[in-house]
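The values are calculated or read from the model by the stated rules, or taken from the named source; none is laboratory data. Here the structure is a predicted model, which is why all the values come from computation and not from measurement. Every residue, glycine as well, gets a Cβ built from its backbone with ideal geometry; the counts of neighbours run over all protein chains shown.
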Amino acid sequence: MSNPNMESKVKELMELRRMKEEIEAEIAAAEDEIKGVMGDEETLLAGAFKVSWKTFTSSRLDSTALKKALPEIAAKFTKTTTARRFSIN
């Protein structure tokens, strides 16, 4: 399918994605600066704001190890899904 009329919309989308990346980088830099001030502390009071940076533990299934150790069981509980991937080249 070809649609030359969509070129401007694709350009707009690409510019928005670029802006998003810049904003995400600025957010990460601001977070890093706050974390640097906090050091090992878990909470910081900053005027009307309470900032938390707490350690937590989570448990996740290591599917790669399961597939190696028990491939039949891993296959039995593997769910296949179908989706469409949107990309611009």
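Every residue, every condition in (1) under 30 Å from residue 15 (Cβ atoms); (2) hydrophobic (A, V, I, L, M, F, W, C); (3) modelled with pLDDT of 95 or more, yes or no:
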position	(1), (2), (3)
32	yes, no, yes
35	no, no, yes
41	no, no, yes
47	no, no, yes
51	no, yes, yes
66	no, yes, yes
71	no, no, yes
85	yes, no, no
Next on the checklist: For the range 34-57, give me the residue count where each residue is in a helix (DSSP H, G or I) and surrounded by fewer than 10 Cβ atoms within 10 Å (Cβ to Cβ).
Outcome noted: 1
Checklist outcome for this item: Here the residues within the range 58-89 that are loosely packed, with under 10 Cβ neighbours inside 10 Å and either touching a residue at least 40 places away in the same chain (Cβ under 8 Å) or among the polar types (S, T, N, Q) (or both) are 58, 59, 64, 80, 81, 82, 87, 88, 89
